[in-house]
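The values are calculated or read from the model by the stated rules, or taken from the named source; none is laboratory data. If you're wondering where the values come from, they're calculated on a predicted model, not measured in any experiment. When we count neighbours, we look across all protein chains shown, and the Cβ atoms used for this are built from the backbone with ideal geometry, even at glycine.
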Amino acid sequence: MAIDVEQQLAALRSQLEERPGAKKKLSMVVFSGDLDKHIASMIIATGAAAMGMETVLFYTFWGTAALRDPKKRVGGKNIIEKMFGMMLPKGRNKTTISKMNMGGLGTAMIKGLMKKKNVASMDELFEVAGQLGVKIIICEMSMDLMGFKREEMIDYPNLEVGGVATFLADASESSIQLFI
Amino acid sequence: MAIDVEQQLAALRSQLEERPGAKKKLSMVVFSGDLDKHIASMIIATGAAAMGMETVLFYTFWGTAALRDPKKRVGGKNIIEKMFGMMLPKGRNKTTISKMNMGGLGTAMIKGLMKKKNVASMDELFEVAGQLGVKIIICEMSMDLMGFKREEMIDYPNLEVGGVATFLADASESSIQLFI
Amino acid sequence: MAIDVEQQLAALRSQLEERPGAKKKLSMVVFSGDLDKHIASMIIATGAAAMGMETVLFYTFWGTAALRDPKKRVGGKNIIEKMFGMMLPKGRNKTTISKMNMGGLGTAMIKGLMKKKNVASMDELFEVAGQLGVKIIICEMSMDLMGFKREEMIDYPNLEVGGVATFLADASESSIQLFI
């Protein structure tokens, strides 16, 4: 009988540990390419990491363009990949806000305000994210679609390339999941 | 004493089973009517279902237009319903991307790239979703607002019409919830 | 031995109660400033609260403008804050839909349809939300960026001002989290 109770307790314990959403962990899909949403995702991510949560960002579709390093150039692109490369923002500092951009004026205003109000810039946010161990994964299919190469992406600690299964595995053990 | 332990174990066991987020299940609100977001929602949904997760998509607002079957025609619409019907994309293959559409050129480019890179088309994604048992629910209030009728919707296994309570019931037992 | 079992049971019980996502609770970031997304967030929030879920809305970025009371005026704003104040919608009834606005025609059509189909208006939804105990938190950093003052915000039961840590604490104990 005592052995039976021990077994049942062990079973409950392992169920508790393996249950979905068990970890203090945040998983986020960064789909949008807009500056305002990039700011939001980074403020949430660095906040979560600072609170001790494991934090994973999965960049996909328009979001991936912000991970390009404007100083890195790669060859071997076909004409369509070159076009995409030129039309999409070359890195996080070329992204613009989703509303009231007004030919760049709105974006400049927001950036000016952020500086004045001591809100961290995109560069600072990525720096802090790296230091706090925020994990960044770039969607392989999106990179392939847009003709982005791994070598033109930013230097970031342990930057990974992955697929939707990677995101889903992370998300299902996370206590918070968001799509931005 | 032994009986008391049994009772406590049973109570813990049932609490574990009934807890929020207990299931390996994904619930998604598909609010957006843009092609890029429809692709993202379908890739996540089919990926989750392929990994064995119960998967439910709740189509609302602009998202519902993508579920219309362009070959089906229904009568009995008033003038405003007819206008909405004409202005909104007639089915998933008429949706356009949210950025860089450039009068359809951007959408055509993305579709061409998807084909070239062997990414499944919207038709194929819906086909696979149906086979994998991804459940689709259309928001009753949205259909009513936009004047869409049940009879003009696509043929899809067990397509349901439901309200926000249906979504919330699904979402609260899901390990992953997303709003796209 | 019996004491050991009791201890183990107690440990399991407290783990169950303290686990992430333990509560029937919904946390939502309302980032968007569009009428259609405001309607969606309020319908989900009032639905959740009506089903007995603890419900928290965290308004940030463009979303905050909808919480301004058009009848309240505050002084002491600088030129940029005044510009933002004029350019952003002055309260929830000045927000417009994200697609097909057509100079306000689309927004008027949607509002007309909502009335005709007996869908609650924004005013009614906020009224109901307040009665059902939906908690509203306004993002401090967003208010600061846009030059909004606490005194120009709507009268709403227990309206709070908070930061990202507040949202994350709520979200990690919630069974549902959404970013709209």
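Values as computed for the structure displayed
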item: Per-region count, the range C:154-180, residues closer than 27 Å to A:Lys115 by Cβ and either more than 13 Å from the chain's Cα centre (by Cα) or surrounded by fewer than 20 Cβ atoms within 10 Å (Cβ to Cβ) (or both); result: 7
item: Tabulated pairs, the range A:87-104, first closer than 19 Å to B:Ile110 by Cβ, second among the β-branched types (Val, Ile, Thr), C-beta under 7 angstrom, 6+ apart or interchain; result: A:Pro89/A:Thr95
item: Residue ID - farthest from the other protein chains (Cβ to nearest Cβ), chosen from residues in the range B:118-169 that are aromatic (Phe, Trp, Tyr) and over 18 Å from B:Ala40 (Cβ atoms); result: B:Tyr156
item: Neighbours by Cβ (under 8 Å, 6+ apart or cross-chain): first from the range B:134-156, on the phi > 0 side of the Ramachandran plot; second crowded, with 19+ Cβ neighbours inside 10 Å; result: B:Gly147/B:Phe84; B:Gly147/B:Gly85
item: Residue tally, condition crowded, with 22+ Cβ neighbours inside 10 Å and over 16 Å from the mean Cα position of the chain (by Cα), over the range B:48-76; result: 0
item: Index of the failed condition, B:Gly85 passing every other in (1) away from chain A (no Cβ under 14 Å); (2) closer than 30 Å to A:Thr96 by Cα; result: (2)
item: Test: residue in the range C:18-27 that is free of Cβ contacts under 8 Å to residues at least 40 places away in the same chain and either part of a helix (DSSP H, G or I) or touching a strand residue (DSSP E or B) at 6+ places or on another chain (Cβ under 8 Å) (or both); result: yes
item: Residue match in the range B:61-80 (condition: within 26 Å of C:Val30 (Cβ to Cβ) and within 14 Å of chain A (Cβ to nearest Cβ)); result: yes
item: Qualifying residue in the range B:33-47 (condition: more than 7 Å from every other protein chain (Cβ to nearest Cβ) and over 30 Å from C:Gly106 (Cα atoms)); result: yes
item: Residue within the range A:5-26 that is at pLDDT 90 or above and over 26 Å from B:Leu16 (Cβ atoms) present; result: no
item: Residue in the range B:112-131 that is surrounded by 14 or more Cβ atoms within 10 Å (Cβ to Cβ), within 28 Å of C:Ala108 (Cβ to Cβ) and out of contact with any Phe, Trp or Tyr (no Cβ under 9 Å at 6 or more places or on another chain) present; result: no
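A quick yes/no check of all residues on (1) closer than 24 Å to A:Phe167 by Cα; (2) at pLDDT 95 or above:
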residue	(1), (2)
A:Ala50	yes, yes
A:Gly63	yes, yes
A:Arg68	yes, yes
A:Lys72	no, yes
A:Glu81	no, no
